[in-house]
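Enquirer: Mind looking over this structure? Questions follow.
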Amino acid sequence: MADVGLWVVPIAVLGGALRVSTPFLFVSLGECITERSGRINLGLEGILVMGAMCAYGTSYLTGSAWLGVLTAGAAGALLGTVHAAICGLPRVNDIAVGIALMLFGTGLAFYLGKPLIEPTASILPAIDFGWWSNVSQVRAALQINALFLIGVVLAPLLVWALNTTRWGLILRTAGESSDAARAMGYSVNAIRMRATMLGGFFGGIGGSFLSLYYPGSWNEGLSSGQGITAVALVIFARWDPMLCFWAALLFGGAASLGPALQSVGLSQGYYLFNAAPYILTLLIMIITCSPKRTLIGAPAELSITK
Amino acid sequence: MKADVRPVTQDKFGWLQAAWSERLGRAAEYVVIPALALAASLAAFGIFIALSGKDPADLYFYMYQGAFGTWFSWQNTLSRAAPVILTALCTALPAQLGLVIIGGEGALLIGALAATSAALIVPDAPPIAVQFAMAFAGMTAGGLWIALSGALQHYRGVNETISSLLLVYIALAILNHLVEGPMRDPASLNKPSTREIGAANMIGTIPGLDVHWGLVFGVVAAVLAYILIFHTVFGFAARIAGGNVRAAKVVGLGVGRLILIACFLAGAAAGLAGMVEVAAVQGRTNANLASGYGFTGILVAFLARHNPIAIIPVAILLGGINASGGLLQRRLGLPDASVLVLQGMIFLSVLASETLYGRLAIFRRGS
């Protein structure tokens, strides 16, 4: 242990941030779309787990990890549809449906995923950005997964789509004033249905990263609240996809603090460091929220900020 | 359904009859609609099981057998219902104020840790004193845990649903840290645990039953919560604030105080569930305690429409479903997660059924 200095920790945290942030990034981008349409989907935690299971199962059966990613997205979109369909009924609370979907998605994934705990499936490839360095830690940190790169492109793309396209404008209208959207002749329910499906699609893909890249296997302890942390992260990121990206990196770094310290032999308080992202989320929410005013950037129709 | 065309009754008590009939109709709605939702989800689960190649008839038979079929399964069901009544109160009490708290699992874990610590600090005291200390510590710790969510909501505007769920993960991390580190019993090799609280300090079973005293705690807590909500000024004030915060402030109610007290009592109930699990079932604290009673409690509270008295039968029903999981696993070879799937289905269909209130014509005859 003597030749491994403490300087490894920041590199491991950085590498971890690039690696662990991907599910946070996809889930928060998906949730961002859903919330901009005026509805909150707390069920993304369940969608994440379901996506992880579907991706692993598909990859195991077909040998194609990318097909697994796609299946995960489809499963997520399907669960998103369930959420949207129930919330579309009059007088149904979207937060409660989200909680139900969280339990349902997790249960369904555990049920269907029982036979997948043993076998190993092919996982997603990584691109080596650390070829210039001969330090193994740096090389390990810069092994970047293709899904992360897709996320990097996706975030500014969503900013552009939300702000300048017709589709984005309609979506935001539904989120800011359902009356205005209705007056323009759009069905608010149909808009939110599509937004929740798309959000579920991204949430599912976020889940596929967990089972197909890091940690890279399927088991029942795979996700521990990444989904719900990502929902909180959207609030912190003020419903801006680009800020979601930076926030996801921050959370990824926090989540990899425990493993990074463990890698240099500091295993004391391992579990407490694992709780870092949750504590960070809570602290950030305490600092950024206020009881006196609604948050800047919050869609006016959102039940969580009303 | 056609409009009611009966002639108006000439009887001078006709209005009373009509009022009663309407009241009964509304009460019937609260029973019939959740029952329909439950039946729909059971049917959906049957189809789901049929798709996995099992016979749904077997499923319903073993579910009934495992939950209510024999005296043994009744006792198993009631033992599981006990903590669920308490964790359901953790969601139902803040719900009166319009808060959606889903962190009962966290308060249960923290309550269990505090109760275990209390028992380990005074090992040689008389058992009754140890048990009181455990209950007090568990309820205080659980209460403070959920009051934190309430305080953050009121003073900082932090969404209480998200914060209470985050606190579940933080509670689990604290439990794992203490159980594998400072509080670990060196003799527990495979499953890191704290030291045992000692057989003398266990709370034991209700005489004549193989059901622990936790069930009595749960029922008493539910009845007290009912009285608090519907027959005290505090409960009345809480329901006003839950209906309309602005109106509550206008009439001078201290909304912050109401939130803190309701959340503290809610967390205390879940903390007591943790104490019961330690002092009646596990005998020590370890990761086994995170078995999902807190999450079942959320479902029970919603199914009972946050009415503490309704929570008791609903918790027994859900406790029965939990209890039948083992039999389904042994006889039908279903994964243990099948109970979770069914719970999820029940939850979704109960929420979807919310839309039916006031829209079923059969309940509108009296008005």
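Enquirer: For region B:323-352, what are the residues that are among the polar types (S, T, N, Q) and in contact (Cβ under 8 Å) with a residue 24 or more places away in the chain?
Expert: Answer for region B:323-352, where residues must be among the polar types (S, T, N, Q) and in contact (Cβ under 8 Å) with a residue 24 or more places away in the chain: B:324, B:338, B:343, B:349.
Enquirer: Answer with yes or no whether residue A:57 is on the phi < 0 side of the Ramachandran plot and under 19 Å from the mean Cα position of the chain (by Cα).
Expert: Details: on the phi < 0 side of the Ramachandran plot: yes; under 19 Å from the mean Cα position of the chain (by Cα): no.
Taking the combined requirement at face value, the residue does not satisfy it.
Enquirer: Here's a follow-up. Can you tell me which condition residue B:43 does not meet? The list is (1) away from chain A (no Cβ under 14 Å); (2) modelled with pLDDT under 95; (3) farther than 28 Å from residue B:211 by Cα; (4) part of a helix (DSSP H, G or I), and all the others hold.
Expert: All conditions pass for residue B:43, except number (2).
Enquirer: I've got another one for you. Taking into account only those residues within region A:193-208 that are over 18 Å from residue A:162 (Cβ atoms) and under 10 Å from the mean Cα position of the chain (by Cα), which is surrounded by the most Cβ atoms within 10 Å (Cβ to Cβ)?
Expert: Within region A:193-208, the subset over 18 Å from residue A:162 (Cβ atoms) is A:204-208.
Checking the rest, the ones that are also under 10 Å from the mean Cα position of the chain (by Cα) come to A:204-207.
Values: A:204: 34, A:205: 31, A:206: 34, A:207: 37.
My answer is A:207.
Enquirer: Tally up the residues in region A:69-80 that are out of contact with any Ser or Thr (no Cβ under 7 Å at 6 or more places or on another chain), closer than 28 Å to residue B:103 by Cβ and within 14 Å of another protein chain (Cβ to nearest Cβ), please. Reasoning before the result, please.
Expert: Within region A:69-80, the subset out of contact with any Ser or Thr (no Cβ under 7 Å at 6 or more places or on another chain) is A:70, A:73-79.
Within this subset, residues satisfying the condition of being closer than 28 Å to residue B:103 by Cβ are A:75-76, A:79.
Remaining after also requiring within 14 Å of another protein chain (Cβ to nearest Cβ): A:79.
So the count comes out to 1.
Yes or no, residue by residue, for (1) among the small types (Gly, Ala, Ser); (2) within 10 Å of chain A (Cβ to nearest Cβ); (3) under 17 Å from the mean Cα position of the chain (by Cα):
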residue	(1), (2), (3)
B:283	yes, no, no
B:303	no, no, yes
B:323	yes, no, yes
B:336	no, yes, no
B:346	no, yes, yes
B:360	no, no, no
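Enquirer: Scan B:120, B:108 and give me the residue that is within 24 Å of residue B:198 (Cα to Cα), away from every other protein chain (no Cβ under 14 Å), touching a Pro at 6+ places or on another chain (Cβ under 8 Å) and touching a residue at least 60 places away in the same chain (Cβ under 8 Å).
Expert: Values: B:120 fails: touching a Pro at 6+ places or on another chain (Cβ under 8 Å).
Exactly one residue qualifies, and that residue is B:108.
Enquirer: A further question follows. How do the pairs read when you match residues in region A:279-290 that are at the interface with chain B (Cβ under 7 Å from one of its Cβ atoms) and small (Gly, Ala, Ser) with residues anywhere that are surrounded by 17 or more Cβ atoms within 10 Å (Cβ to Cβ) and outside any helix (DSSP H, G or I), using Cβ under 8 Å and keeping only pairs 6 or more apart or on different chains?
Expert: From residues that are at the interface with chain B (Cβ under 7 Å from one of its Cβ atoms) and small (Gly, Ala, Ser), the pairs are A:290/B:157.
Enquirer: Oh, and also: Say we look at region A:272-302 and pick out the residues that are exposed (fewer than 14 other Cβ atoms within 10 Å of the Cβ) and out of contact with any Ser or Thr (no Cβ under 7 Å at 6 or more places or on another chain); which of these is modelled with the lowest pLDDT?
Expert: A:293
Enquirer: Report, by residue number, each residue of region A:69-100 that is modelled with pLDDT under 95 and under 30 Å from residue A:124 (Cβ atoms).
Expert: A:98
Enquirer: Of everything in region A:191-238, what is more than 18 Å from residue A:20 (Cβ to Cβ), away from every other protein chain (no Cβ under 14 Å) and outside any helix (DSSP H, G or I)? Give them in sequence order.
Expert: Result: A:238, single match.
Enquirer: Filter region A:102-131 for residues that are over 20 Å from the mean Cα position of the chain (by Cα) and either in a helix (DSSP H, G or I) or within 14 Å of another protein chain (Cβ to nearest Cβ) (or both) and give the result.
Expert: Once the filter is applied, which keeps residues that are over 20 Å from the mean Cα position of the chain (by Cα) and either in a helix (DSSP H, G or I) or within 14 Å of another protein chain (Cβ to nearest Cβ) (or both), region A:102-131 yields A:111, A:112, A:113, A:114, A:115, A:116, A:117, A:118.
Enquirer: Have a look at B:137, B:173 and point out the one that is free of Cβ contacts under 8 Å to residues at least 40 places away in the same chain, within 19 Å of residue B:270 (Cβ to Cβ) and either surrounded by fewer than 24 Cβ atoms within 10 Å (Cβ to Cβ) or more than 8 Å from chain A (Cβ to nearest Cβ) (or both). Before you say what the answer is, go through the steps one by one.
Expert: Details: B:137 fails: free of Cβ contacts under 8 Å to residues at least 40 places away in the same chain.
Sole residue among the options that is free of Cβ contacts under 8 Å to residues at least 40 places away in the same chain, within 19 Å of residue B:270 (Cβ to Cβ) and either surrounded by fewer than 24 Cβ atoms within 10 Å (Cβ to Cβ) or more than 8 Å from chain A (Cβ to nearest Cβ) (or both): B:173.
Enquirer: Also, quick follow-up: All but one of (1) more than 8 Å from every other protein chain (Cβ to nearest Cβ); (2) assigned to a helix (DSSP H, G or I) hold for residue A:266; which doesn't?
Expert: (2) is the only condition that residue A:266 fails.
Enquirer: Okay, moving on. May I ask you to list pairs of residues, at least six apart or on different chains, whose Cβ atoms are under 7 Å apart, with the first in region A:230-254 being within 17 Å of residue B:159 (Cβ to Cβ) and the second being β-branched (Val, Ile, Thr) and in a loop (DSSP other than H, G, I, E, B)?
Expert: The qualifying pairs are A:238/A:296.
Enquirer: Scan region A:137-155 and give yes if some residue there is over 21 Å from the mean Cα position of the chain (by Cα) and farther than 18 Å from residue A:17 by Cβ, otherwise no.
Expert: No, region A:137-155 contains no residue that is over 21 Å from the mean Cα position of the chain (by Cα) and farther than 18 Å from residue A:17 by Cβ.
Enquirer: Report, by residue number, each residue of region B:149-160 that is more than 7 Å from chain A (Cβ to nearest Cβ) and surrounded by 23 or more Cβ atoms within 10 Å (Cβ to Cβ).
Expert: B:149, B:150, B:153, B:160
The values are calculated or read from the model by the stated rules, or taken from the named source; none is laboratory data. Just so we're clear, the structure is a prediction, and the values are computed from it rather than from any experiment. All Cβ positions, even for glycine, are placed from backbone atoms using ideal geometry, and neighbour counts span all protein chains on display.
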